[in-house]
Amino acid sequence: MTEGEAKLIEQAGQALGPKVVITDQREIEPWATDWRGRVHGTSPAMLAPATTDEVVDIVRLAAEHGVALVPQGGNTGMAAGATPPADGSAILLSMRRMNRIRSISVEGRVAVAEAGVVLETLHDAAHRAGMRFPLTLGARGSCTIGGLASTNAGGTQVLKFGTMRSLVAGVEAVLPDGSVHSGLSGLKKDNRGYSLDQLLIGAEGTLGVITAVALKLVPAIAERAVAWAGVDSPTKALELLRFLEARTSSIEGFELVPQDSLDLVLKHVPGTRAPLAGKHSWHALIEATTADPVSDIAGELQRLLAAALQEGIIEDAVIAANEAQAEAFWKLRDTISEAERAEGQTRAHDISVPVADMPTFIIEAAAKVEAAFPGVVATGFGHLGDGNIHFHVRAGSHAAPEWYEAEGERITMMVDDLVTAAGGSISAEHGIGQLKRAEFARLAPPGRIHALRAIKAAIDPLGIMNPGKLIP
Ligand SMILES: Cc1cc2nc3c(=O)[nH]c(=O)nc-3n(C[C@H](O)[C@H](O)[C@H](O)COP(=O)(O)OP(=O)(O)OC[C@H]3O[C@@H](n4cnc5c(N)ncnc54)[C@H](O)[C@@H]3O)c2cc1C
């Protein structure tokens, strides 16, 4: 422990008490490793403030003693951004005790939630008010509003509602000098220059500590319809999406699933069954919703899919008969990563390219990777309509345990090169954290890196906010 850390821990303990300052390593340890269990850190203490004022006190002490802080929400991030360094040179700042929903305004269509509110808790509270916060993702039971904003998270409804960036009406944050940025008024229009709110969104804790967020709400869903369609290519899947979008505004989820991924789920995840009788090379999972209680959303989707079948866009389709079946369809999509883990080693890439280019990219990139690394299986699944897929490369069944690190790194470099050549992003929704920092440094244009470094240096000149993350 450095002298600065010791002073900070002592003075924070005196000022804020033992609830806020945790030094018992048994309590800290579970939070010092990333969600995937790949990156292990250590920290001499975990600070757990419950109010914005307590965050201010902590940040001021950190600045005074030159101590680095690692903000952490639910620790479900995929890029190890919330994992402290292995040498103990930073202090964990857990935001989970800041878990109040300060307000929900039905008239204003806005909720103000503290950073540590778990996404599912916000969903439930909005629902009780007859409203909805439309961003959702697999980690909704543990990820927090502060983490979602800090990673500009996406999820499955981005097609209609966008990422966190478009769902945040304002941010309250403690900046590295201890001052508070209060942007919670939820103004629809505010043109006073650079948007600090937007700078903090996606900053991965490198510019300040988000303490609360004003979130845009939409009316609650009255009914949803979920369908599964078989298609012969990703090109046809995108054609289907555009066909549907041209005829209805109710489509809000559209996920691409290759047959290979479906086979793995059926093999490894108990209780799953294929929605369609025949085999299809590719599948689309479609969700349509309406806030209008008298509209027949399932009937509309059925009619449109029948028309798509007639036009030769799809090979077959089925609509979930009830909520249980709708959930069963979603489970097939949501358990792909779990099924892959059961099958063996997988190198995962969360990438995006321009939407129109994605169908060709998936096929060509998979063929190139499989040719360069004999024995691997490469495929892409996920948010086709956002131009964002999870491009996963699975080791052959006889791969040695060291495959992941040894060959995996070369595979990732090849995938990232292909993505960059296609004008895409090596991180579509998971952020850079520590895991993608080297590749970001290798591939980002110099102008972008220069701007990021300049912003970081201007706002956090002492470099106390989550050093070693995001900024190359
Ligand atoms: C099963 C599963 C499914 C997932 N699906 C998706 C998906 O579909 N789309 C998607 O985008 N992501 C997905 N994720 C990733 C993850 O849920 C998101 O990145 C989420 O936003 C992280 O929230 P968190 O509270 O766990 O943040 P953490 O993991 O704790 O932190 C993430 C980053 O934000 C910073 N941070 C956290 N809180 C604050 C704060 N209050 N102030 C400043 N910085 C802060 C941390 O320092 C770190 O850099 C998934 C994860 C899992 C485990």
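The values are calculated or read from the model by the stated rules, or taken from the named source; none is laboratory data. Just so we're clear, the structure is a prediction, and the values are computed from it rather than from any experiment. A quick note on method: Cβ atoms are made from the backbone with ideal geometry, for glycine too, and the neighbour counts reach across all protein chains shown. Ligands, DNA and RNA are excluded from the accessible area calculation, which covers all protein heavy atoms including side chains. Shrake-Rupley method; radii C 1.70, N 1.55, O 1.52, S 1.80 Å.
Within the same chain, lysines fewer than 8 places from K189 are excluded, and of the rest, those with a Cα less than 28 Å from its Cα are K160, K216, K456. Projected over all directions and averaged, the alpha-carbon convex hull of the stretch 188-271 occupies 10.9 nm².
Averaging the sequence gap over all C-alpha pairs within less than 8 Å and six or more residues apart, then dividing by the number of residues, gives the chain a relative contact order of 15 percent.
Can you give me the Cα centroid spacing of the stretch 266-321 and the stretch 70-121 in angstrom? With the stretch 266-321 and the stretch 70-121 each reduced to a Cα centre, they are spaced 36 Å. Extension gain, H127 to S166: 0.36 nm times the residue separation minus the Cα-Cα distance gives 12.0 nm.
DSSP bridge analysis restricted to the chain gives an antiparallel fraction near 90%, rounded to the nearest 5.
Only helical runs count toward this figure. For the chain, summing -39,500 (n - 2.57) over DSSP H runs of n ≥ 4 and dividing by all residues gives -10500 deg cm²/dmol at 222 nm. Count Lys and Arg as plus one, Asp and Glu as minus one, and take only other residues whose Cβ is under 13 Å from that of I91; the net charge is then -2. Coupling constants for the stretch 463-472 follow from the phi torsions by the Karplus curve (6.51 cos²θ - 1.76 cosθ + 1.60, θ = phi - 60°), and in residue order they are x, 8, 9, 6, x, x, 10, 6, 6, x Hz; glycine and proline get x. Accessible surface for W35 stands near 130 Å², nearest 10, in the context of the full protein assembly shown (1.4 Å probe).
Positive contributions from Lys and Arg (+1) and negative ones from Asp and Glu (-1), summed over other residues with Cβ under 13 Å from the Cβ of F161, come out at +2. Distance between the pseudo-spin-label points of D357 and E245 (7 Å out from Cα toward the beta carbon): 1.7 nm. Electrostatic bookkeeping for E405 treats Lys and Arg as +1 and Asp and Glu as -1; over the other residues with beta carbon under 14 Å from its beta carbon, the sum is +1. Heavy-atom accessible area with a 1.4 Å probe sorts W31, W282, largest first, into W31, W282. Computed on the stretch 164-311, the Cα convex hull volume stands at 196 Å³ per residue. Rolling a 1.4 Å probe over the protein heavy atoms of the chain, with every protein chain left in place, gives an accessible area that is 53 percent carbon and sulfur.
So what is log10(I(q)/I(0)) for the stretch 87-178 at q = 0.24 1/Å, when the Debye sum runs over its Cα atoms only? Debye intensities relative to I(0), on a log10 scale: -1.40.
Protein-only accessible surface at a 1.4 angstrom probe places the residues H398, H65, H390 in the order H398, H65, H390, largest first. Rolling a 1.4 angstrom probe over the protein heavy atoms with all chains in place gives the chain an accessible area of 43 Å² per residue.
Over the stretch 313-359, the hull volume per residue, using the convex hull of the C-alpha atoms, is 143 Å³. Rg/Rh for the chain (Cα atoms only, Rh after Kirkwood) is 0.98. In this structure, E338 and R26 have a Cβ-Cβ separation that, at R0 = 35 Å, corresponds to a calculated FRET efficiency of about 0.80.
Each Lys and Arg Cβ is given +1 and each Asp and Glu Cβ -1; about its Cα centre, the chain then shows a dipole of about 640 debye. Take every pair of alpha-carbon atoms less than 8 Å apart whose residues are at least six positions apart; their mean separation over the length of the stretch 37-104 yields a relative contact order of 49 percent.
Here the simple spin-label model places points 7 Å from the Cα toward Cβ, and for A454 and A15 these points are separated by 3.4 nm. For the stretch 237-380, the Kirkwood radius over C-alpha pairs fed into Stokes-Einstein at 37 °C and 0.692 mPa s yields D = 195 µm² per second. Work out the FRET efficiency for S195 and A438 from their Cβ-Cβ distance, taking R0 = 30 Å, and round it to the nearest 0.05. E(calc), rounded to 0.05, equals 0.55. If you stretched the chain out fully between D292 and S142, how much longer would it get, using 0.36 nm times the residue separation minus the C-alpha to C-alpha distance? Going from the current span to full extension adds 50.9 nm.
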